[in-house]
Each structure stands twice: as C-alpha cells, then as structure tokens.
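Novice: This is the structure I want to talk about, given as structure tokens.
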Amino acid sequence: MVSAGEAEHLEALGALAERWEREGAAPEAILRWVGERFGTDAVLACSFGAEDCALVDMIARVAPRIGIFYLDTGLLFEETLATRDRLQERYGIRPIAFRPELTVTQQAEAYGAALWARDPDQCCHMRKVLPLRAALAGRLCWITGLRRDQAPTRRSAPLIQWDAEHRLVKCNPLVRWTVDDVWGHIRQHNVPFNPMHERGFPSIGCWPCTRAVAPGEDPRAGRWAGTGKTECGLHLPAASAPGEVTR
Ligand code: SF4
C-alpha cells in the first residue's frame, strides 16, 4: 500500500526523472541539484568501484556537502581500502564506515565458518543490508553508482526514485552511462581507482565472493560465481519505478 505522502513523492520524482532523461542531464548537474536540495542529508553509498570513484570526484567538485559512507564488511580487499585512502588524500573526504554487528570471527562462531559459501543471502543481509539500513537512517537522499547496462536487474533503474524500503529519495546519476563513459571521466580527471579493475575485476565486492572474469565474460560474472546470486540485496527492483512499491 502506497501512502499519500509516498504517492506525492512518486509523482514528483517520476516527473523529475522524465525531465532529466528528456534533457539528457549530466551527472554533475544532477548531483548539484541533490546537493542544493538535500545538503548534508544526502549521502553517497560508496564501494570504491570505478563508478563510485567517478562520483566522489564529481561530488567534491560540484556538491561537497554531500556525505560519503561505505559498508565495511570486514571482508574487503586490501586494494579497496587503499583506494579509499587515496580518495581521502586526493579530495580531503572522510568516508564513514558502517560495520556489521558481528565481526567475521564472531559470525563464524555463531553461524559456522564461511557462511558466504553456504548462505550468501544471510551473510549479505547481516554484513551489508543491515549496515546500509543504519547508514541511511535519518537521511533524505542516497546516491548510488548504478548503471543500467551492469545487469538485467538494473536495466530499468531511473535517474531518481522514491525508495519505499528505506523511505527516502534514491538518486542514480550514472544510470545512462556506459562503462566507457565511467573510464573516460576517470582518465580525464585523473581520479584514483582500484587497480584490481586493470587485473580482470570489473566488479569488486568482498574477497570471498569476487573473482576475476575472462575477456568477453559478463562483467558481473565474478560476483558470487556459481551460486545463482546476482545482487547483495542493497538495490531492490522494488524501489525502481514510480508506482511500484514492494517489500
Ligand atoms: S558479498 Fe559475500 S562475504 Fe560479502 S557480505 Fe555478501 S555473502 Fe558475505
């Protein structure tokens, strides 16, 4: 059931998304709007992948009041944390870490070793979904680096939407970009990026659930390979389209 307030949000955001699509609004223009509209109540959910590095660069230049956070699952690659450090140094940002309730060791004691290999949905729920919920609590807008051509589950992602799950605005400034657009921006602005991207890792998550992909393979084939899982649960299609609200 969509509340009256949510229906209003859906209508207004749907119109805005349509206008931005029609006008071909640039990601920087969208981020500037978000910064002016929401200020410090807007946050970028940053994984330190290529898309998010490009967004950090844009935010630093056009909307520096927007906050930045990341989900520190305790299972990130060293290269990912080093990328965080390089972005901090370059842009003077301080991304806030949100961590699961249990350390990796405590999780192994409570649920058995390598839960990710037996039940990745439960592992992602505890280590990503719940910390994301905490990171978004009290915020008005979250920004993601989603692109439509990353996965079939992301093909209909709008530029901006009402996120019924977290009850705030969700903005996806890069949805229309290709991977070449992302790398064009990174090269043009000399943005720090995760060197694993140059070693066959187009999509980088926790180390137990990420492998390199072969040339020509689906870019996200290296995530949860062999499990049938394709998303960690942070981006529900439910929030994607005006008029669609599911749980
Ligand atoms: S990506 Fe893998 S290790 Fe990370 S939280 Fe999800 S299941 Fe656990």
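Novice: Could you check which residue among 199, 94, 32 shows the biggest mean-square fluctuation in a GNM of the chain with a 10 Å Cα cutoff?
Specialist: Largest GNM mean-square fluctuation: 199.
Novice: Based on Cβ point charges of +1 for Lys and Arg and -1 for Asp and Glu, what charge dipole magnitude is obtained for the range 4-229 about its Cα centre, in debye rounded to the nearest 20?
Specialist: 120
Novice: Quick one: if the Förster radius is 35 Å, what FRET efficiency do residue 8 and residue 149 give, using the C-beta to C-beta distance and rounding to 0.05?
Specialist: On the way: r = 31 Å, r/R0 = 0.90.
Step by step, r from the Cβ atoms, then E = 0.65.
Novice: Further question on the same structure: Please find, in a Gaussian network model of the chain (springs between Cα atoms separated by less than 10 Å), the residue of 12, 54, 157 whose mean-square fluctuation is greatest.
Specialist: 12
Novice: Next question, about the same structure. Using the Kirkwood formula on the Cα atoms of the range 175-223, what hydrodynamic radius do you get, in angstrom to one decimal?
Specialist: Taking every pair of different Cα atoms in the range 175-223, averaging 1/r and inverting gives 11.8 Å.
Novice: May I pose another question? Using +1 at the C-beta of Lys and Arg and -1 at the C-beta of Asp and Glu, which of 134, 53, 103 has the Cα lying farthest in the positive direction of the dipole of the chain?
Specialist: The listed residue farthest towards the positive side: 103.
Novice: Then there is this: Where is the GNM fluctuation largest for the chain (alpha-carbon springs, 10 angstrom cutoff): 26, 214, 17?
Specialist: 214
Novice: Contour minus end-to-end for residue 99 and residue 37, with contour as 0.36 nm per residue of separation and end-to-end as the Cα-Cα distance?
Specialist: On the way: separation 62, 0.36 × 62 = 22.32 nm, distance 2.83 nm.
Extra length available between residue 99 and residue 37 comes to 19.5 nm.
Novice: From the mean inverse distance of alpha carbon pairs (Kirkwood) and the Cα radius of gyration, derive Rg over Rh for the chain.
Specialist: A ratio of 0.94.
Novice: Please work out how much length the chain gains when fully extended from residue 108 to residue 217, using 0.36 nm per residue of separation minus the C-alpha to C-alpha distance, in nm with one decimal.
Specialist: 36.0 nm
Readers should treat all values here as calculations from the given coordinates under stated rules, not as data from a laboratory. It should be emphasised that the depicted structure is a prediction, and the values quoted were computed from it without experimental measurement. FYI the Cβ positions are ideal-geometry reconstructions off the backbone, even for glycines, and counts take in every protein chain you see.
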